[in-house]
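Reviewing the structure listed below.
What follows draws every value from the coordinates through simple rules; no lab data is involved. Because the structure is a prediction, the values reported are computed rather than measured. Every residue, glycine among them, receives a Cβ derived from its backbone with ideal geometry; neighbour counts consider all protein chains shown.
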């Protein structure tokens, strides 16, 4: 199985919204093969809880403008790891420390990445770089 065109389009819109709010290390995985609950997981990092909130708000606004509303949200109270479930697309906005600790890229490393719009990338693509997490907490693949 591969991700639906709609899921890929929504991931691109969400990624651009996250990038506009200065989220970093934005990557999308096609998880349609190993799991049946979603087609694409989009991951991005934020420097602090206020930036997590700003990124989440921008993603929701942009996707709402395209007719998409989340089925559910989780983690909004603490703003350390917010999950937005759009059925085919699941967006994870994490504090950099949380992302390094949970290392979601390691779980999904066998899944293909989804190409995102070029303005989203702040450097080499995942296959070309390993990104070191802040404060030496760990590393994650982009």
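Cα centroid distance between region 1-59 and region 66-100, in Å?
Each part reduced to its Cα centre gives a spacing of 8 Å.
What nm distance separates the two modelled labels at residue 118 and residue 22, each placed 7 Å from Cα along Cα→Cβ?
2.5 nm
Classify region 1-123 as rounded, prolate or oblate, taking a ≥ b ≥ c as the square roots of the eigenvalues of its Cα gyration tensor: rounded when a/c is under 1.5, otherwise prolate if a/b is larger than b/c and oblate if not.
Taking the square roots of the gyration eigenvalues as a ≥ b ≥ c, region 1-123 is rounded.
How far apart, in nm, are two points set 7 Å out from the Cα along the Cα-to-Cβ line at residue 49 and at residue 101?
So the two model labels end up 1.3 nm from each other.
In nm, to one decimal, how far is the residue 2 label point from the residue 35 one, both placed 7 Å along Cα→Cβ?
Computed distance between label sites residue 2 and residue 35 equals 2.2 nm.
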